[in-house]
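Enquirer: Let me give you the structure first, and then I'll get to my questions.
Where a number appears in this text, it was derived from the coordinates with a stated rule and is not lab data. Everything quoted here is computed from the prediction, not taken from an experiment. Here Cβ is always computed from backbone atoms with ideal geometry, including for glycine, and neighbour counts include all displayed protein chains.
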Amino acid sequence: MDPFAVLLICDVENATMESDKVPDMLANVTASLKTVNPEYHIVEKVMVGNMDLGFIKENRLCLRRENFILMRVPKRERICHCGNVVLKSPNKRKPHERAFDVADRCILRVILDRVLTKSLPPNILLTSSDCDFTKPLEILRSHEYTLMLACDIRASIDLKNQVMYVWNWNWMYKEERSPAITNHFNLRWQARLKQPRD
């Protein structure tokens with residue numbers, strides 16, 4: 001496996017974009033990755049979530065030209081706390097399922113599929129601010145994957161602490177060579193993992 005290969009997974013409901021910036025997004029993200037390691041290159045690009053969002057619909061052809069895999073998440077019926085149905089769907093909500101759990105599970109399935117087929121790149125860039133990814137990222141980190149996150153500045157500290165590099169998503173997709181915040185704790189932690197054991 002190429003040690004500099006990167007899997008890009010975009011949680012489109014938790015990392016939205018301005019529609020006119022989407023055509024430059026991949027080039028900007030790639031340039032930002034190269035600020036931490038010039039040999040990083042994206043080998044697979046997956047977008048997961050509501051494919052009817054405006055910035056996706058208006059740029060679908062562009063995204064397909066860039067070889068993005070667009071994974072539509074099945075809509076669940078959503079019910080307001082007052083009891084009214086606010087989103088109709090033939091797919092009923094499962095007991096105790098929250099409104100956005102479906103997208104989270106689809107993203108985790110993408111990762112699991114690649115783990116089971118031994119095709120998961122050693123470097124993963126997740127664009128999301130969803131704290132539900134904290135535990136899965138912790139597990140991947142313990143198996144020595146290099147994890148990177150592009151998120152909203154208000155994302156949970158626990159989520160950010162699981163990764164080696166963090167970008168402000170609103171800068172990363174808009175600007176070429178956006179700087180990363182390095183998690184020095186994780187750099188030291190990974191260096192210890194790679195030390196030979198007695």
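Enquirer: Among Phe55, Phe133, Phe68, what is the fewest-to-most ranking by other Cβ atoms within 10 Å?
Expert: Details: Phe55 17, Phe133 27, Phe68 20.
By the 10 Å Cβ count, ascending: Phe55, Phe68, Phe133.
Enquirer: So, in nm, how far is label Glu18 from label Leu112 when the simple model puts each one 7 Å beyond its Cα toward the Cβ?
Expert: Placing both labels 7 Å beyond Cα along the Cβ direction yields 3.8 nm.
Enquirer: Using a basic spin-label model with each label point 7 Å from the Cα along Cα→Cβ, how many nm lie between Asn37 and Lys57?
Expert: Going from the Asn37 label point to the Lys57 one covers 3.9 nm.
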